[in-house]
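Derivation of every value follows stated rules applied to the coordinates shown; laboratory data play no part. Quick caveat: nothing in here was measured; it's all calculated off a predicted structure. Positions of Cβ are backbone-derived with ideal geometry, glycine not excepted, and every protein chain shown enters the neighbour counts.
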Amino acid sequence: MNVTTTSVQAFRSSILHCTRDPGEQDDTAVEYLEDGILLVSKGRIESIGPADALLATLPEQVTVHDYRGQLIVPGFIDTHVHYPQTDMIASYGSQLLEWLNNYTFPTERQFSDAAHAADTADFFLSELLRNGTTSALVLGTVHTESVDAFFEKARQRGLRMIAGKVLMDRNCPEYLRDTAQTGYSQSKALIERWHGQERLQYAITPRFAPTSTEHQLQLAGQLAAEHPDTFVHTHVAENVREVEWVAELFPKSRSYLDVYDQFNLLRDRSVLAHCIHLDAEDRQRLASSGAAMAFCPTSNLFLGSGLFDLSAAQSVGARVGLGTDVGAGTSFSMLQTLSEAYKVSQMAGQSLSPYRALYLATLGSAKALYIDDHVGNFDHGKEADFLVLDWQSTPLMTRRMQAATTLKEKLFALFMLGDDRAVSKTYIQGRCAHDRDAL
Ligand code: GUN
Ligand code: ZN
């Protein structure tokens, strides 16, 4: 090891990560060490290996954090979440379009206030870390203040985050409306201010087709072409009435997805939330464009939107990530989100294996966001964002784990029963950023 030993830390625990997509069957796509060492140097993964072999090679000064009896996995990656909707999570009683008018727009209005934005961003990021989420693709509001506040708070914590200002120039209250031109120029200024600063990246964020004019979508596409390494982030085909509305607003488009395609918004680093009411041609086109789907099961159930078809997405080779979609989603926990993802798959006669579930929350979501060169698993040189999971965080889990005989059985039960209580520690670049037991 050619680094100073004081910058090296060792973490001893069971360790599990994905090296590629395990699909439903491929158990060789994960690496598991029952008693392993994760070696971190200067905030990056140095190596992983069996404890008995690695411990003997470590200089005496290296700190060994002993988490035996728990499980280290890569940090979870949430591919679609609205930080300004934190305060309106779990709002009763309506489907998408009414829910936006009744709850979302009035809540988002408050983000013209930079102090409110900063306070909410701070709470939101703490909540992500409490739940083991170390990176996310995040929507702000139409206000630039919302994005400045978010990035500033993420930067202070050293997080890898992607975010953007919402673009919305029609079909919304006056108080949340930008124009095609101001939306373009404000987004461009935010890109110049934040994109590529430390671990932060920018997402050009038209809210969804109904709230943008053709001119706004055209300028969004132009901005994306001018900044090819930024993200494009939006919603598509979530709700049946929304899909009908888009057909009325854009009569020349073949489909809802086609609206985005016509304005050059489908490409590498485009992420489209929901993708429920797509046809086969849409799925093919989305996959071939390099864009990704964000599967948001708790949101889709909560708003009664429909069931995402994971098998159909896989069969065209589309990139798929997992999203909480808070505040339509009902939990910040990616464990709870996996549990609902499993049930949504069951409703379609499909399944979601424990290893593939892990993949969906980690390396698969990293690939969906094109950040898998940096995070997503424990390959040498990647950023050391990881979690320590507690198999026994509730009496029921303790009892269930005693009855389990295989790793897969334990992992599946952890995904079905776990929540924020199962995340005992969250590390960011090798630094402890959340310690459940210190609170
Ligand atoms: N479609 C347009 N805006 C939103 C939003 O804020 N949440 C969800 N779930 N869908 C949307
Ligand atoms: Zn959303």
- line: Taking Met293, Met168 and counting other beta carbon atoms within 10 angstrom, the fewest-first order is Met168, Met293
message: At 0.36 nm per residue, and after removing the present C-alpha to C-alpha distance, how many nm does the segment from Glu214 to Glu244 gain when stretched out fully?
response: 9.1 nm
message: Between Gly221, Gly183, Gly93, where does the largest GNM mean-square fluctuation fall for the chain, given springs only between Cα atoms within less than 10 Å?
response: Gly93
message: Just want the answer: with Cβ charges of +1 for Lys and Arg and -1 for Asp and Glu, which residue in Ser331, Ala348, Thr405 is farthest toward the dipole's positive end in region 277-426?
response: Thr405
query: Mind checking which of Lys188, Lys410, Lys252 has the largest fluctuation in a GNM of the chain, springs on alpha carbons under 10 Å?
result: Lys252
Percent RCO, i.e. relative contact order, over the chain, from Cα pairs under 8 Å lying at least 6 residues apart: 19 percent
- request: Fewest Cβ neighbours within 10 Å first, please rank Thr211, Thr107, Thr179 accordingly.
  value: Thr179, Thr107, Thr211
- request: Counting helices only, and only those DSSP H runs with n ≥ 4, report the 222 nm mean residue ellipticity of the chain as the sum of -39,500 (n - 2.57) divided by its residues, in deg cm²/dmol to the nearest 500.
  value: -10500 deg cm²/dmol
message: Using only Cα atoms and rounding to the nearest 10 degrees, what angle (0 to 90) does helix 334-347 make with the longest principal axis of the chain?
response: 70 degrees
message: At 0.36 nm per residue, and after removing the present C-alpha to C-alpha distance, how many nm does the segment from Thr406 to Lys343 gain when stretched out fully?
response: 20.5 nm
message: Using a 7 Å offset from the Cα along the Cα-to-Cβ direction at both Gln61 and Asp279, what is the distance between the two label points in nm, to one decimal?
response: 6.7 nm
Within-13-Å neighbourhood charge of Leu129 [Cβ basis; K, R +1; D, E -1]: +1
query: Relative to the longest principal Cα axis of the chain, at what angle does helix 114-130 sit, 0 to 90 degrees, rounded to 10?
result: 40 degrees
message: Suppose the chain between Asp119 and Asp435 were pulled fully straight at 0.36 nm per residue; how much longer would it get relative to their current alpha carbon spacing?
response: 111.7 nm
message: Please report the net charge: other residues with Cβ closer than 11 Å to the Cβ of Ser255, K and R +1, D and E -1.
response: -2
Rel. contact order, % - alpha carbon contacts under 8 angstrom, at least six apart, region 38-173: 23 percent
message: Could you tell me the center-to-center distance, by alpha carbons, between region 371-439 and region 107-145 in angstrom?
response: 24 Å
statement: Relative contact order of region 390-439 (C-alpha contacts under 8 Å, at least 6 apart) in percent is 30 percent
query: Is the shape of region 339-439 best called rounded, prolate or oblate, per the rule: a/c under 1.5 gives rounded, else a/b larger than b/c gives prolate, else oblate, with a ≥ b ≥ c the square roots of the Cα gyration tensor eigenvalues?
result: oblate
Environment charge at Arg157 (Cβ cut-off 11 Å; Lys +1, Arg +1, Asp -1, Glu -1): +2
message: Cut-off is 10 Å between beta-carbons; in what order do Cys432, Cys296, Cys275 appear when sorted fewest neighbours first?
response: Cys432, Cys275, Cys296
Cα-projected label distance for Lys252 with Asp87, points at 7 Å along beta-carbon direction, nm: 4.2 nm
- request: Write down the percent of antiparallel bridges among all DSSP beta bridges whose residues are both part of the chain, to the nearest 5.
  value: 45 percent
